[in-house]
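*Asks:* Let me give you the structure first, and then I'll get to my questions.
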Amino acid sequence: MQDSSRTRLPVLRSADTHCPYCALQCGMRLEEDADGTVTAAPRGGGMCKKGWTSPELLDHPDRITAPLLHGRPVSWDEALDHVADRVKAVQAAHGKDAVGVFGGGGLTNEKVYQLGKWTRLALGTRHIDYNGRFCMSSAAAALNRAFGIDRGLPFPAEDLKDAEVVVLVGANPAETMPPFMRFLQNAELIVVDPRRTATAEAAQLHLQTAPGTDLALANGLLHIAIEQGFLDRAYIADHTSGFDEVRQTAAGYWPAFVERITGVSVPDLYAAARLIAGKRTAILTARGSEQHAKGVDTVTAWINLALALGLPGRPSSGYGCLTGQGNGQGGREHGQKADQLPGYRMITDPAAREHVAGVWGVDPETIPGPGVSAVELLRKCGEEVRMLFVLGSNPVVSAPRAARVADRLKDLDCLVSLDFVMSETARLAEVVLPVTQWAEEDGTMTNLEGRVIRRRSLRPAPGEVRSDLWIMRELAARLDAPGTYSTDPEEIFAELGRASAGGKADYSGITYGRMETQSFQWPVPAPDHDGTPRMFADLAFPTPDGRARFTAVDHRHPAERRDSVYPLYLTTGRILTQYQSGAQTRRIGSLDGEQFLQIHPDTAVRHGIGDGDLVRVTSRRGSYTAPARLSADIRPDTVFSPFHFPGAANANAAVSDVLDPISRMPEFKVCAVKIAPAPGPR
């Protein structure tokens, strides 16, 4: 970290931009002084420690500043010629779909849009997906099912300041996005989490559920709402459909039954139902409730509860999802998701294909069909998929069954990584192409509110570093690809607007010029449109009949249940000082943090484990080691580890890759494990 006592030199240049980390996208002002030192300060709000220290990565000694081929620096021409030759050889031998692309939820909208276009036209492959499949895909599917549209927060975060009650399900913003807590200061909080987190400490009511039981909890609260007469019957009758079947399902979730499933006491169930009834209540879900093999149904159950209480579309009320990655929202709207085209159009829709093909200047038949989800794409590596491009992602650490993912990547004929540091995935790559960071590029991001914001460049990139956009253009030329591939973000954004026009996520009315003075929440269908801060404000929904849809859902046990061999549940998550796979934050010395295993003291005693002892955690898929951190803040049947750490400490080596049948999200948040003392220092 920079020495705060150094004399500040005159500012050479500055830029108003946004933090490069989570989906809150806090406003940030960057300043570079005459000796090249860059500092960050909050702009229009707060920032957490990660944002304050983010400039340290710009000049970090681990920056890759020249293309690498088999680990040796080469010229761009040599690197790109090699990559293009590999693409041609692999596709000649195995077909177009033998090349795949794995994208990231931190890429700008311009990169996402051009990546989807480049993959489908220049490479001609259907195989593209991204790490956002691990983030919010279950909530996205549930939102589409209920409301006909997917925007994480269908209202501005500022609206939460006037909410009377906020229910946080599987969310820990006090650690994962601390500045978000300022929106919750006026509300009574109900936190649903197997752990007593920093967020739960601030709550009026903490419902400490068993992992994988949030769906049963939501159905149980709906049962009580029906029983106690808390429903908004006029809202249900006038603005929704499908409630009768949901009511019949909820009838089976009487409080004592729900207590047996979830571990939440009957008095606490009634207390929660009374707290949310008749109030301005917002229900927010996050990864803790979504990263399950029934994640879509779990989110649906919470949306059912919100609809039954008449919350969506009402002031400072409703349902929303807390997106994780910086561009997790925009990242799936414009083409890097396996089944989607720009504007949140479905790739199987003939009208959508015709519209986008018209913008791209190609025949609709040129556009391949849908690919497979992120986990399924990684499973195909080394077999159907023989070459893979990875952009802005580190699946060797972040994907479930991480050790097997590393093995699959090693089996590829060629792995190409576009990154700015040697992540664990980049270390396996045949070719590493150095790309710009956030302070070295212009573009747009879409935050957790569906707000499209400007990212502004502070300074040029070092060495031979190039933008992903430039790399795509250069490779497209070498592949004699159809279509055009600009390197100008503003030009690409204008094309994105045309491609998204008329779609659910319509950006066509937004321009860089308009964003000089304000940001816009999509849809923005015309140049004189001010955006859509609050969806459903007229209590009409973008479904065929204009009504929100209830869907009956039933609790299902996790794919793996505890037993005599694997008697504990493992759940994973983030900690305050680290972000995602840690490829960036682990390189910042002041962002301290190490792997640990949170374990209840009673559980530790039964296993002969003391505080600080090294523990081996083993599932049916793999194992990792971590020092024990004894705490009564976790259930005795559950242990917890963060997922930011690689190698022998990688908790994702143990987690399950069973997929939700709709969203194809893996069940990160619960698997059966056993623990034992491991050799090592105490």
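The values are calculated or read from the model by the stated rules, or taken from the named source; none is laboratory data. None of these values were measured; they are calculated from a predicted model. Here the Cβ is made from the backbone with ideal geometry for all residues, glycine too, and neighbour counts use every protein chain on show. Ligands, DNA and RNA are excluded from the accessible area calculation, which covers all protein heavy atoms including side chains. Shrake-Rupley method; radii C 1.70, N 1.55, O 1.52, S 1.80 Å.
*Asks:* Is it fair to say D660 is under 26 Å from L207 (Cα atoms), open to solvent by 40 Å² or more (accessible area, probe 1.4 Å) and touching a His at 6+ places or on another chain (Cβ under 9 Å)?
*Replies:* no
*Asks:* Would you mind telling me which numbered condition in (1) under 16 Å from the mean Cα position of the chain (by Cα); (2) within 21 Å of P533 (Cβ to Cβ) G335 fails?
*Replies:* All conditions are met except number (2).
*Asks:* State all residues of the range 345-366 that are surrounded by fewer than 21 Cβ atoms within 10 Å (Cβ to Cβ), assigned to a loop (DSSP other than H, G, I, E, B) and within 28 Å of the chain's Cα centre (by Cα); if no residue qualifies, say none.
*Replies:* Correct list: T348, D349.
Yes/no per residue for (1) closer than 26 Å to L568 by Cα; (2) touching a His at 6+ places or on another chain (Cβ under 7 Å); (3) not hydrophobic (A, V, I, L, M, F, W, C):
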| site | (1), (2), (3) |
| --- | --- |
| A157 | no, no, no |
| P173 | yes, no, yes |
| T176 | yes, no, yes |
| R196 | yes, yes, yes |
| A200 | yes, yes, no |
| L207 | yes, no, no |
| Q228 | no, no, yes |
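*Asks:* Does the range 248-260 contain any residue that is assigned to a helix (DSSP H, G or I), without any contact (Cβ under 8 Å) to a residue 12 or more places away in the chain, of a type in the set (G, A, S) and out of contact with any Pro (no Cβ under 6 Å at 6 or more places or on another chain)?
*Replies:* Yes, the range 248-260 has at least one match.
*Asks:* Restricting attention to the range 108-134, report how many residues are open to solvent by 10 Å² or more (accessible area, probe 1.4 Å) and within 20 Å of R287 (Cβ to Cβ).
*Replies:* The qualifying residues number 3.
*Asks:* Just checking, does the range 627-646 include any residue being among the aliphatic types (A, V, I, L, M), out of contact with any His (no Cβ under 6 Å at 6 or more places or on another chain) and farther than 28 Å from L207 by Cα? Talk me through it step by step, then tell me what you get.
*Replies:* Let us first name the residues in the range 627-646 that are among the aliphatic types (A, V, I, L, M), namely 628, 630, 632, 634, 639.
Still in the list and also out of contact with any His (no Cβ under 6 Å at 6 or more places or on another chain): 628, 630, 632, 639.
Going one step further and asking which of them are farther than 28 Å from L207 by Cα, we end up with none.
No, that holds for no residue.
*Asks:* I510 is checked against (1) without any contact (Cβ under 8 Å) to a residue 24 or more places away in the chain; (2) assigned to a loop (DSSP other than H, G, I, E, B); (3) under 25 Å from the mean Cα position of the chain (by Cα) and fails just one. What number does that condition carry?
*Replies:* Among (1) without any contact (Cβ under 8 Å) to a residue 24 or more places away in the chain; (2) assigned to a loop (DSSP other than H, G, I, E, B); (3) under 25 Å from the mean Cα position of the chain (by Cα), I510 violates only (1).
*Asks:* Okay, moving on. I'd like to check which helices (runs of 4 or more DSSP H) are fully inside the range 261-343 and have at least 2 residues that are surrounded by fewer than 23 Cβ atoms within 10 Å (Cβ to Cβ) and in contact with a helix residue (DSSP H, G or I) (Cβ under 9 Å, 6 or more places away or on another chain). Walk me through how you get there before you give the answer.
*Replies:* Numbers: elements: 266-276, 287-290, 295-308.
Helices (runs of 4 or more DSSP H) meeting the threshold: 266-276.
*Asks:* I need the full set of residues from the range 442-466 which are in contact (Cβ under 8 Å) with a residue 60 or more places away in the chain, under 18 Å from F493 (Cβ atoms) and open to solvent by 20 Å² or more (accessible area, probe 1.4 Å), in order please. Before you say what the answer is, go through the steps one by one.
*Replies:* Let us first name the residues in the range 442-466 that are in contact (Cβ under 8 Å) with a residue 60 or more places away in the chain, namely 443-459, 462-466.
In the following step, the residues that additionally are under 18 Å from F493 (Cβ atoms) were identified as 443-447, 450-457.
Within the range 442-466, R451, R454, R456, S457 qualify.
*Asks:* Does the range 195-203 contain at least one residue that is touching a Leu at 6+ places or on another chain (Cβ under 8 Å), within 15 Å of L322 (Cα to Cα) and touching a residue at least 12 places away in the same chain (Cβ under 8 Å)?
*Replies:* Within the range 195-203 (the criterion being touching a Leu at 6+ places or on another chain (Cβ under 8 Å), within 15 Å of L322 (Cα to Cα) and touching a residue at least 12 places away in the same chain (Cβ under 8 Å)), the answer is yes, since at least one residue qualifies.
*Asks:* Among the candidates E201, E188, E175, which residue alone is closer than 20 Å to I303 by Cα and open to solvent by 10 Å² or more (accessible area, probe 1.4 Å)?
*Replies:* Details: E201 fails: closer than 20 Å to I303 by Cα; E175 fails: closer than 20 Å to I303 by Cα.
Going through E201, E188, E175 in turn, the sole match is E188.
*Asks:* So which strands (runs of 3 or more DSSP E) stay within the range 1-108 end to end and still have 1 or more residues that are small (G, A, S), farther than 30 Å from D411 by Cα and in contact with a strand residue (DSSP E or B) (Cβ under 9 Å, 6 or more places away or on another chain)? Explain how you work it out, then say what you get.
*Replies:* On the way: elements: 11-18, 27-33, 38-42, 99-103.
The qualifying strands (runs of 3 or more DSSP E) are 11-18, 27-33, 38-42.
*Asks:* Please work out if A251 is open to solvent by less than 50 Å² (accessible area, probe 1.4 Å) and either within 29 Å of G148 (Cβ to Cβ) or hydrophobic (A, V, I, L, M, F, W, C) (or both). Steps first, please.
*Replies:* Working: open to solvent by less than 50 Å² (accessible area, probe 1.4 Å): no; either within 29 Å of G148 (Cβ to Cβ) or hydrophobic (A, V, I, L, M, F, W, C) (or both): yes.
The answer is no for A251.
*Asks:* On the basis of being open to solvent by 60 Å² or more (accessible area, probe 1.4 Å), at pLDDT below 95 and out of contact with any Cys (no Cβ under 7 Å at 6 or more places or on another chain), does A23 make the cut?
*Replies:* Here the answer is no, as A23 does not meet what is asked.
*Asks:* Only one of (1) assigned to a helix (DSSP H, G or I); (2) closer than 12 Å to G104 by Cβ fails for S417. Which number is that?
*Replies:* (1)
*Asks:* Given the criteria open to solvent by 30 Å² or more (accessible area, probe 1.4 Å) and either at pLDDT 95 or above or part of a loop (DSSP other than H, G, I, E, B) (or both), does S581 qualify?
*Replies:* Criteria not met by S581.
*Asks:* Mind listing just one residue for me: the one in the range 376-398 that is farther than 21 Å from L418 by Cβ and in a helix (DSSP H, G or I) and, of those, most open to solvent (accessible area, probe 1.4 Å)?
*Replies:* It comes out as R379.
*Asks:* Follow-up question, since we're still on this one. Name every residue in the range 119-133 that is over 21 Å from V396 (Cβ atoms) and touching an Asp or Glu at 6+ places or on another chain (Cβ under 8 Å), in order of residue number.
*Replies:* Answer for the range 119-133, where residues must be over 21 Å from V396 (Cβ atoms) and touching an Asp or Glu at 6+ places or on another chain (Cβ under 8 Å): T125, R126.
*Asks:* Are any residues in the range 548-567 surrounded by fewer than 17 Cβ atoms within 10 Å (Cβ to Cβ) and among the basic types (K, R), and if so, which ones?
*Replies:* R556, R561
*Asks:* Return the pairs, sorted by first residue and then second, in which the second residue is open to solvent by less than 30 Å² (accessible area, probe 1.4 Å), the first residue lies in the range 159-184 and is among the basic types (K, R), the beta carbons are less than 7 Å apart, and the residues are 6+ apart or on different chains.
*Replies:* Going by the 7 Å Cβ cut-off, the qualifying pairs are K161/F183; R182/G46.
*Asks:* Select from the range 663-682 the residues that are over 16 Å from R379 (Cβ atoms) and of a type outside the set (A, V, I, L, M, F, W, C) and write down the one among them that is least open to solvent (accessible area, probe 1.4 Å).
*Replies:* By that ranking, first place goes to S663.
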